[in-house]
Amino acid sequence: MKVPVKWLKEFVETDLSAAEIARRMTMAGLEAENIERIGEDWDNVFVGEVVNVEPHPDADRLVLPTIAAGEHELRVVTGAPNIAAGQKVVLALAGARLIDGYSEELKYRTLKPSTIRGVRSEGMVCSEKELGLSDEHEGILVLADDAPVGVPLADYLGDEVIEFEITPNLVHAFSISGIARELAAILNEQAREPELVDVEALERRDDHVEIAAPEHCGRFTYTLFENVTIEPSPDWLQRRLIAAGLRPINNYVDISNYVMLELGHPTHPFDADKLASDEIIVRLAAPGETLTTIDHVARELDGETLVIADTERAVAVAGIMGGVDTEVSDDTSRVLLESAWFEANSVRRTSRQLRLTSDAGARFGRDIDPNGASVAAARIAELVRVIDPEARSVAFADKFLRPRERRPVAMRYTEIERLLGMTVPVERVVEIFERLDLQPEVVDESGTTVIKTSAPTYRNDINIAADLVEEVIRIHGYEHVPETLITGTAVPVSRSNERLVDQIAQNALVEAGLFQAQTYTMINEDDLLALSPDGNELPDLYGGYARPEEALVRATNPLRSDWVLMRPTMLPSILKIVAENLKYSPSVRLFETARTYQPNALDELPDERRAVVLAMSGERQAFGVETNEPDAMDFLDVKGAVEHLLTRLGGDAATFTAVEHPSLHPGRAAAVELDGVQIGVLGELHPRVAAHFGIEQRVAVAEIDLVVFAERFNAPWNVQPVGRHQPIQQDFAVAVEEATPAATVQAALQKGAGPLATEITLFDIYRGENVDAGTKSLAYRVTFAAPDRQPAEHEIERARDRIERAVGREVGGTLRT
Amino acid sequence: MSGSPPTASELRSQALDALGQASNQDELSDWHRDVLGRQGSLGQALRNIGQLPKEERRDAGQALNQLRQELETAFNDRQDQVRADALDARLVDERIDVTLPGRTQPMGGLHPLTQMQREALDVFAHLGFQTVEGPEVEYGYYSFDMLNIPKDHPARDVWDTIFIDSGEKEITLRPHTSPMQVRTMLAQDPPVRVVVPGRCYRYEAQDATHEWHFQQIEGLAVDKHITLADLKGTLAEFARQIFGAARQVRFRCDYFPFVEPGVDLSIDCPFCDGSGCRVCSNSGWIEILGAGMVHPNVLEWSGYDPEIYSGWAFGMGIDRLTMLRYGINDIRSFYQNDLRFLRQFQRARI
Ligand SMILES: [Zn+2]
């Protein structure tokens, strides 16, 4: 809410600067978001008086007024149609910084003396737009007759406007007077009351109001004004509305808006002669009933919409907006001024239903004080008396179904210390409560000091003792709260295996040379379609996961069409990041550990399963300047990183088996299995899938489940003692058919060698001379060791024989010598 | 062989001359073989002793044996010298350009948000807080209702929420980590001291300081005698660990429906030490989180008697904290994952 400081200071007397007011209020819970200074840059701009107006010798549409402003008196050139002698206007002299009135966007220019059609002009008279007061640029700004000629405009029209954020608990401060009340409490001042007219003493027409939907409307009043003159509001009132962010319309609409800003209670003026009669009915709309609101939108109402109606039709959506048929216009002579109170939930529901928000709806929707309705009516009557003195307030109607009483709230005095960890003297607490009009009373209830209060009807945020504690400390000052640490019982330790696994995985992949990414967890259908080579159907596997049978986890109100589904796989997210990075980086090595979302039955939360995704593409990083040039990373690079990861996670028993996967290269894809269960997939992306993500080069990826490692995290592992005996290493070259997987050959070697072989490492693959076509030779280094002895010559010999037989039997291979 | 065999002194001077010429291990070996070896000149001379008159043999033998000892010593000295020279030469030869880049494995790095999160959780772990996690796709019941934000309450509008397609039950992408306050209290008896890291979501347009997808850490402490002063002290410790030992903290009143009293915590600006700069909008203070005393309704609905137990909760944005710490001015850079950005976090703080 925008609060012009001059207006605020009408309600509370203070010399504090706007900045200091903003700071003090912010500390006490009313956050000042911004201070705008009207007239901040009005240098060389003064209040002037038009002495005379002469025609321009060479231009019909220009005139030459002479303007007096204190020591200055000069002739200027203007095209303003509305200028006349005797007016008070705004005179800008050379050097003034003004907004360009002819420019669509906001553009400043510095005024220089100029010659217009042969006539020298040393200054100019300004429009509202040129001063930044509004968009009005048709004519010049004409000031009030009593404007003080010669004073700098900033002194006369300048103001500071503090914009406060009004959180939902602060409806009592959703007005100038409410904010003033808060400020007065902070400053220990008395807030002033506005001038009122006693409308309740007017002729009463309470029986002219029927509230047919009492659960939606707790009070309805109207004041009837006759002999009204509709015209623009006086300058000062318009200026305040503009400063507070509202557009002036005419005097009665403006008064209604002014009082809404000032007291926080919305009202609505009807043209009484456009109503069927002075009988008002507050009822629910008939389903399908229509009403064209003052924004000229025809609205179809449902049966839960509360309307204000005359005897024939709906004339306003209650609490939100009036109808265009009955709005006040230039020929209005009688005004029926509604000041009512509507149920917050009803107003909020209708506002949502009609997608119609208004300043009135924002206030009623937060449950304002029903007692404010008659105060607002009385304030409006006072402003009408001042602004439209010919008008007469003739009658007042009031149906008050549910008066609101002050609310008793009590607090044990010890509650302050219990919640705040500090004491505030009881006298100080009482003083604070008195300032807040809580009417405190200190009583002794069987040895316990209790402070009884009653909350004013405008404070709907004070209901329990904790609310009172907050009132104490926000006025007393949070700077008094000491800094202490928790004492008392320690909390038992419980660490999450999933988090530990996550951290280990992150660390392992950083060690393996990858960078951690964090990507958006939402994707869309196209991202999943892109995972199939043809791009037109959903693949049956999403990364390492089977496509779920349930509908995917879908947002009903996605922020963008890019982010509709909670991702069932992380592959699309990381691939988009890879594609972006390849534009700038020759070597891209990325991973992410995060959750994938697997749907469950309707109304059940999805499984959020922790997993890791890896992607590598581009140059393999060279290990130093003198080494050979880098190759493109491929399957084996990502496999190396995965093996590193698995080792750190205790999964080095995992196996890799060639698989067909819709998203992956048919010859370069492997399933990762642990204890016979698939835990992930790795491979090079199918080139057509890569192309869907804008990647035209080799990219190797993996997606591995992490939960499985958390589940086995506490399984013990036993460390073998290190043998003191020298191990023996022997090399074995095995010739096998080209298609035989190396892992199978190694398994055969291990099977043949038995437990004596503690380590088997593939160190060479050879094809060519001395090896049959269609055959490859795999060279393994086998380490033989035993805990209690050095393996004997004959043991190695026997192992060699067994290896030979096993290789022949298991993989049809032969040992080469 | 003509003439008489060389005398010991002749042998000596020849051998020492030759030894002086030997400048590497091979030449030394050759010398050793030629002089001291079985067939060497000294051996020859010893064998020739038999040809000498009997009375000379003893002296000559003694002289040659002395000579052998002397030559062995000379050889060893010479060999040490040659080796030392060779080492010196090698060391000179091996001089390299120490400014060449080191030979390393490719180096990766943790994401800055991960580092910040780990650091924050580490501080709280030292303060006795357990780390727990909760679902991101969360029932509205926990995201709102149980947090004292009933349906149709204006406070609910503060959380611009992304909703998930569902049947009867309202399902949200959690707009904050606060649902875990309730889930934690429902699952265990007091005392409670937990921190909850995790991703959160809001229906909010993106710009340099707003993300629809962001990360929070929630904190919750509930026990008998837990006070707002404890909250201030705990968060002051945290702020000093992360932003420097000189940091001051300040509360101001703020509103969150699930706490009462509710506060915002600011630290004095670490960039200007509170004197005012661009980062702190010249205020000298920077807000880093929202907090407060757990609302009695939330305690009660979670099965804790608010007359006996009290507690506080806070929620801080990890993205914002990381931005503040490293002077990052666009929150979106965290999720763009440009390697040129990520590489700047290879230096680790944890
Ligand atoms: Zn600063």
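The values are calculated or read from the model by the stated rules, or taken from the named source; none is laboratory data. Nothing here was measured: the structure is a model prediction, and the numbers come from that model. Quick reminder, even Gly has a Cβ in these numbers, built from the backbone with ideal geometry, and neighbours come from all protein chains shown. These accessible areas exclude ligands, DNA and RNA; they are computed on the full protein's heavy atoms, side chains included. Shrake-Rupley method; radii C 1.70, N 1.55, O 1.52, S 1.80 Å.
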Exercise. Quick one: which of B:F251, B:F243, B:F238 is in the same structural domain as B:M180 (by TED's automatic domain parsing), in contact with a helix residue (DSSP H, G or I) (Cβ under 9 Å, 6 or more places away or on another chain), within 13 Å of the ligand (Cβ to nearest atom) and closer than 18 Å to A:E483 by Cα?
Worked result: B:F243
Exercise. Restricted to the range B:198-223, and to residues that are closer than 30 Å to A:T489 by Cβ and within 7 Å of chain A (Cβ to nearest Cβ), which residue is nearest to the chain's Cα centre (by Cα)?
Worked result: B:A221
Exercise. What do you reckon, is A:V324 crowded, with 19+ Cβ neighbours inside 10 Å and in contact (Cβ under 8 Å) with a residue 12 or more places away in the chain?
Worked result: no
For this session: List every residue pair whose Cβ atoms lie under 9 Å apart, where the two residues are 6 or more positions apart in sequence or sit on different chains, the first residue falls within the range B:249-272 and is over 18 Å from A:E31 (Cβ atoms), and the second residue, located anywhere, is more than 16 Å from the ligand (Cβ to nearest atom) and of a type in the set (S, T, Y).
Result: B:F258/B:S178
Problem set entry | Qualifying positions in the range B:286-296 - within 16 Å of the ligand (Cβ to nearest atom) and either exposed (fewer than 14 other Cβ atoms within 10 Å of the Cβ) or more than 10 Å from every other protein chain (Cβ to nearest Cβ) (or both) | B:I286, B:I288
Exercise. Does at least one position in the range B:126-141 carry a residue that is among the small types (G, A, S), on the phi < 0 side of the Ramachandran plot, surrounded by 19 or more Cβ atoms within 10 Å (Cβ to Cβ) and not in a strand (DSSP E or B)?
Worked result: yes
Exercise. Strands (runs of 3 or more DSSP E) wholly in the range A:404-519 with at least 1 residues that are free of Cβ contacts under 8 Å to residues at least 24 places away in the same chain and over 30 Å from B:Y335 (Cα atoms) - which ones?
Worked result: A:441-445
For this session: Could you grab me the full set of residues in the range B:256-285 that are within 8 Å of the ligand (Cβ to nearest atom) and surrounded by 23 or more Cβ atoms within 10 Å (Cβ to Cβ)?
Result: B:C269
Exercise. What number of residues within the range B:89-115 satisfy the criterion of being open to solvent by 90 Å² or more (accessible area, probe 1.4 Å) and either more than 30 Å from A:D637 (Cβ to Cβ) or more than 8 Å from chain A (Cβ to nearest Cβ) (or both)?
Worked result: 9
For this session: Scan the range A:557-592 for residues that are open to solvent by less than 10 Å² (accessible area, probe 1.4 Å) and not in a helix (DSSP H, G or I) and jot them down.
Result: A:L565, A:M566, A:R567, A:P568, A:T569, A:M570, A:S585, A:V588, A:L590, A:F591, A:E592
Seminar exercise, completed: Within the range A:107-161, the residues that are of a type in the set (A, V, I, L, M, F, W, C), over 44 Å from the mean Cα position of the chain (by Cα) and under 16 Å from A:W236 (Cα atoms) are A:A147
Seminar exercise, completed: When (1) more than 7 Å from chain B (Cβ to nearest Cβ); (2) more than 33 Å from the chain's Cα centre (by Cα); (3) at pLDDT 95 or above are applied to A:L509, the one that fails is (1)
Exercise. Being among the charged types (D, E, K, R), surrounded by 18 or more Cβ atoms within 10 Å (Cβ to Cβ) and within 14 Å of another protein chain (Cβ to nearest Cβ), is that true of even one residue in the range A:174-184?
Worked result: yes
Problem set entry | the range A:484-499, subset more than 7 Å from chain B (Cβ to nearest Cβ) and surrounded by 14 or more Cβ atoms within 10 Å (Cβ to Cβ), residue nearest to the chain's Cα centre (by Cα) | A:E498
Exercise. If we scan the range B:297-318, do we find a residue that is within 16 Å of the ligand (Cβ to nearest atom) and buried (at least 20 other Cβ atoms within 10 Å of the Cβ)?
Worked result: no
Exercise. Can you find even one residue in the range B:161-184 that is hydroxyl-bearing (S, T, Y), within 7 Å of another protein chain (Cβ to nearest Cβ) and without any contact (Cβ under 8 Å) to a residue 12 or more places away in the chain?
Worked result: yes
Exercise. Which condition breaks for B:R325 when tested against (1) assigned to a helix (DSSP H, G or I); (2) more than 15 Å from the ligand (Cβ to nearest atom); (3) under 30 Å from the mean Cα position of the chain (by Cα)?
Worked result: (2)
Exercise. What is the one condition in (1) closer than 21 Å to B:E260 by Cα; (2) open to solvent by 50 Å² or more (accessible area, probe 1.4 Å); (3) charged (D, E, K, R) that A:E415 does not satisfy?
Worked result: (2)
Problem set entry | Hey, A:P57 part of a strand (DSSP E or B), more than 14 Å from chain B (Cβ to nearest Cβ) and not aromatic (F, W, Y) or not | no
Seminar exercise, completed: A:V315 meets each of (1) of a type outside the set (S, T, N, Q); (2) under 18 Å from A:D359 (Cβ atoms); (3) not in a loop (DSSP other than H, G, I, E, B) with one exception, condition (2)
Exercise. For the range A:599-621, what are the residues that are crowded, with 20+ Cβ neighbours inside 10 Å and of a type in the set (S, T, N, Q)?
Worked result: A:S617
Problem set entry | Positions within the range A:553-589 being β-branched (V, I, T) and within 13 Å of A:D526 (Cβ to Cβ), in sequence order | A:V564
Problem set entry | From A:R334, A:R363, residue being in contact with a helix residue (DSSP H, G or I) (Cβ under 8 Å, 6 or more places away or on another chain), farther than 21 Å from A:G218 by Cβ and basic (K, R) | A:R334
Seminar exercise, completed: Scanning the range A:384-408 residue by residue, those open to solvent by 10 Å² or more (accessible area, probe 1.4 Å) and farther than 25 Å from A:P214 by Cβ turn out to be A:R385, A:V386, A:I387, A:P389, A:E390, A:A391, A:R392, A:S393, A:V394, A:P408
Exercise. Which ones in the range A:580-592 are in contact with a strand residue (DSSP E or B) (Cβ under 9 Å, 6 or more places away or on another chain) and more than 9 Å from chain B (Cβ to nearest Cβ)?
Worked result: A:L582, A:P586
Exercise. Quick check: anything in the range B:147-155 in contact with a strand residue (DSSP E or B) (Cβ under 9 Å, 6 or more places away or on another chain), within 14 Å of B:V298 (Cα to Cα) and assigned to a helix (DSSP H, G or I)?
Worked result: no
Exercise. Given the conditions (1) in a helix (DSSP H, G or I); (2) open to solvent by 60 Å² or more (accessible area, probe 1.4 Å), and given that A:A22 satisfies all but one, which numbered condition is not satisfied?
Worked result: (2)
